[in-house]
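Where a number appears in this text, it was derived from the coordinates with a stated rule and is not lab data. Bear in mind that the values here come from a model prediction, so they are computed numbers and not experimental data. So basically every Cβ, Gly included, is an ideal-geometry build from the backbone, and we count neighbours across all protein chains shown.
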Amino acid sequence: MGEFGRRLDDLTIRALSPDGRIRAVLRGRGQAVVSFADPEDFYDYNDADRVCDQVSELLDRVYDGLKRGRAELVAKHTRLEPNTGPHWDVRVRRMREELDGLTVDGEAQGDAVRVRTVGLRSWRVRIRPGMYENMTAEQFCRAVNGCVQDACGRYLSEMRSVKTKTLGDLAPDAARR
C-alpha cells in the first residue's frame with residue numbers, strides 16, 4: 001500500500017448530532033460508530049422520532065465529512081485534478097448518477113432499527129413502533145451501528161455491480177479522470 005492508502009487508513013472523521021448529545025466516529029475505511037456522550041441522554045428524547053432524526057442528521061454529517069476528507073487527501077497527495085463537472089465519458093456519468101441515487105437498507109439483528117441511505121449521502125434511521133420504550137442506549141447504538149455496517153456492505157456490493165454493468169471493460173483509473 002502506498003502513501004495515499006496509508007493516509008486513507010489514518011483518516012478520522014468525528015461529528016456531533018445537531019443537539020450535540022450524540023457522536024459518531026469514522027476511522028479509516030470503516031463505518032461510522034454512533035454513541036451517546038452520556039448514555040442517560042438517550043432517555044431524554046422521549047420518543048423514537050426525535051432520537052432517529054438526530055442520528056439521521058449525524059450520519060449525514062459524518063459521511064459528508066468523509067467525502068470532504070477524501071477529496072482533501074486526493075488534492076494533497078495525488079496529481080489528480082478535482083473533477084467537479086460532468087465526466088467526458090457517458091458511461092462514467094451514468095455510473096455516477098446511478099451511484100448517487102443508489103438506495104440501500106441496513107438491518108441489524110432483532111429488526112428493531114432500520115437504516116436507509118441514498119448514495120451514502122442521505123441517511124434515515126427508524127425504530128420499529130413500540131421498540132423505543134424497551135431499549136437502552138447501548139442496545140440502540142448497537143442496533144444502529146449494525147444497521148450502518150449492513151447498509152455500507154450492501155452499498156459496496158451494489159456499487160461493484162453498477163461499476164461492472166456501466167463501465168464494462170473500462171479501466172478503473174479512467175473512471176477517476
Just to confirm my numbers, what's the Cα centroid distance between segment 111-131 and segment 1-59 in Å?
14 Å
Mind checking which of 45, 15, 168 is farthest towards the positive end of the chain's charge dipole, using Cβ charges of +1 (Lys, Arg) and -1 (Asp, Glu) about the Cα centre?
168
Are there chymotrypsin sites (Phe, Trp or Tyr not before Pro) in segment 10-107 that DSSP puts in a loop and that have at most 10 other Cβ atoms within 10 Å, and which ones?
88
Cα long-axis angle, helix 90-100 against the chain (0 to 90 degrees, to the nearest 10)
10 degrees
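With a cut-off of 8 Å between alpha carbons and a minimum separation of six or more residues, what is the relative contact order of the chain in percent?
Contact order relative to length: 22 percent.
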With angles folded into 0 to 90 degrees, how steeply does helix 48-77 sit against the dominant principal axis of the chain? Use alpha carbons for both and round to 10.
30 degrees
